[in-house]
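Please read through the structure below; I'll follow up with questions.
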Amino acid sequence: MITGKVKQGAMAAVLAAALPLVAGEATAQNRALVLMSSGGVLLDAQKKAFIEPFEEATGIRVVTVAPVDFGKIQTQVEVGRVEIDVVEWAPEFAIRFCGTVLEKITDEFDMSVFDPKYVSNECGIPQATFTHPFFYNKNVFTGDVPSTWADFFDTEKFPGKRAVWNSGYGTNFEKALIADGVAAEDLYPLDFERALAKFDGIKDDIIYWNTAAQLVQLMQEGSVDLVAGWGPAATQAIINGADAYVPVMNQPIMIYNQLMIPTGAPNREEALEFIRFVTSQESQLGHVSTYPQGPTRKDVNPTEFANETLKQNYPGSATNAVDLDPSWRWQHIGEMGDAWVNWSTQ
């Protein structure tokens, strides 16, 4: 179990590399805030869906910093020199650092509008959902096609190379256990030995990827037959030309991000205003209609999408979706990482 300050070695695959604040100082503006987000194509989509509309509606300037470096936020809070006002990241961190590094803010919001399964702590406001499904190459599988995680792990019925994220911090254990017949409600505590025994059956057919860029490249090249991936990155790859791949939206692992405010954030009121805007019905609807994520609000049900691929990969259309347990995962995140490294390096 990891406690206290985030251990950079154990959490290297979870925490992004530290970067300086190069976008400018929010305190130099009359009304401004600093948002730390994942960056990349997600940030581009966020700018169009709610950052630029928020700036226009309120006059509050949003300075963006990427990628997320939670260790940096923790250090800023400890030394009393906080520069980040809002951070968008996984609920595991909100659960672990709620009331210390992160401020309790749910009493400032109407939490009844959100799906209760995304309200996991007092410090995080649910922002968006996304999936970890798998995709198959329709040029390879032209008859019977894989449709479950059991199929993904069945190299006799569906032979070929499988692309897998080389990390124990992701959802590999959950996928393997579901494939091995474990019911979604019985996943936790994760049985590492059983999950890795399932991976033993496909180890010779695995091609590892470590970054979203590598995942996209594999799909663009068409060099793998099946891909277990980050839903948003894989969907963007399909939109941008890797259209040989078909999503399997049966049993995807459902993940969500939250918006949080570091303790001592210099622009707290602006941060609260921003979070209210981002999590409004209008903002969430605009975002999930144009980017491969789903809403956290109960009253957001998009019927129109920017393109057909977004509609096919929409998290809300998934069947038998599998929800994570962020509390258990945070308590055992170090064990998850160690178990995967020990297996993958043998």
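The values are calculated or read from the model by the stated rules, or taken from the named source; none is laboratory data. Predicted, not measured: the structure shown is a model, and the values here were computed from it. Cβ: placed from backbone, ideal geometry, glycine included. Neighbour counts: every protein chain shown.
Please list, ordered by first then second residue, the pairs with beta carbon atoms under 8 Å, 6 or more apart or interchain, first in region 67-81 and under 17 Å from PRO91 (Cα atoms), second of a type in the set (S, T, N, Q) and part of a loop (DSSP other than H, G, I, E, B).
That search, which allows pairs on different chains as well, returns PRO67/SER37; PRO67/SER38; VAL68/SER37; VAL68/SER38; GLY71/GLN8.
Here's a follow-up. Filter region 80-124 down to the residues that are under 14 Å from THR296 (Cα atoms) and among the β-branched types (Val, Ile, Thr), then identify the one that is nearest to the chain's Cα centre (by Cα).
VAL119
Here's another thing I want to ask about it. Could you please tell me which pairs satisfy a Cβ distance under 6 Å, a separation of 6+ or placement on different chains, a first residue in region 211-228 that is over 21 Å from VAL41 (Cα atoms) and buried (at least 23 other Cβ atoms within 10 Å of the Cβ), and a second residue that is modelled with pLDDT of 95 or more and hydroxyl-bearing (Ser, Thr, Tyr)?
Close Cβ pairs satisfying both conditions: LEU226/TYR136.
Can you pull out the residues in region 38-82 that are surrounded by fewer than 22 Cβ atoms within 10 Å (Cβ to Cβ) and of a type in the set (S, T, N, Q)?
Correct list: SER38, THR58, THR64, GLN74, THR75, GLN76.
Test GLN217 against the criterion of being within 20 Å of THR129 (Cβ to Cβ) and either touching a His at 6+ places or on another chain (Cβ under 9 Å) or outside the structural domain of VAL41 (by TED's automatic domain parsing) (or both), and give yes or no.
Values: within 20 Å of THR129 (Cβ to Cβ): no; either touching a His at 6+ places or on another chain (Cβ under 9 Å) or outside the structural domain of VAL41 (by TED's automatic domain parsing) (or both): yes.
Criteria not met by GLN217.
While we're here: Among the residues of region 84-136, which ones are among the aromatic types (Phe, Trp, Tyr) and under 30 Å from GLN220 (Cβ atoms)?
The first filter runs over region 84-136 and keeps only residues among the aromatic types (Phe, Trp, Tyr), leaving 89, 93, 97, 109, 114, 118, 130, 134-136.
Of everything in region 84-136, those that are among the aromatic types (Phe, Trp, Tyr) and under 30 Å from GLN220 (Cβ atoms) turn out to be TRP89, PHE130, PHE134, PHE135, TYR136.
Something else: I'd like the full set of residues that are assigned to a loop (DSSP other than H, G, I, E, B), among the small types (Gly, Ala, Ser) and either in the same structural domain as VAL246 (by TED's automatic domain parsing) or out of contact with any helix residue (DSSP H, G or I) (no Cβ under 9 Å at 6 or more places or on another chain) (or both), limited to region 123-170.
Residues satisfying the conditions are GLY143, SER147, GLY160, SER167, GLY168, GLY170.
Considering only region 115-131, I want to know if a residue exists there that is exposed (fewer than 15 other Cβ atoms within 10 Å of the Cβ) and over 26 Å from ASN320 (Cβ atoms).
no
On to the next question. Return the pair list, or none, for Cβ contacts closer than 6 Å from residues in region 249-263 that are over 30 Å from VAL145 (Cα atoms) to residues that are of a type in the set (Gly, Ala, Ser) and surrounded by 24 or more Cβ atoms within 10 Å (Cβ to Cβ), at least 6 apart or on different chains.
If the second residue must be of a type in the set (Gly, Ala, Ser) and surrounded by 24 or more Cβ atoms within 10 Å (Cβ to Cβ), the pairs left are ASN257/ALA128; GLN258/ALA94; GLN258/GLY124; MET260/ALA94; MET260/GLY124; ILE261/ALA271.
Hey, another quick one. What tally of residues in region 75-95 results from selecting those that are under 20 Å from THR129 (Cα atoms) and either outside the structural domain of LEU35 (by TED's automatic domain parsing) or assigned to a helix (DSSP H, G or I) (or both)?
5
Further question: If we keep just the residues of region 228-251 that are under 15 Å from GLY294 (Cβ atoms) and not in a helix (DSSP H, G or I), which is modelled with the lowest pLDDT?
TRP230
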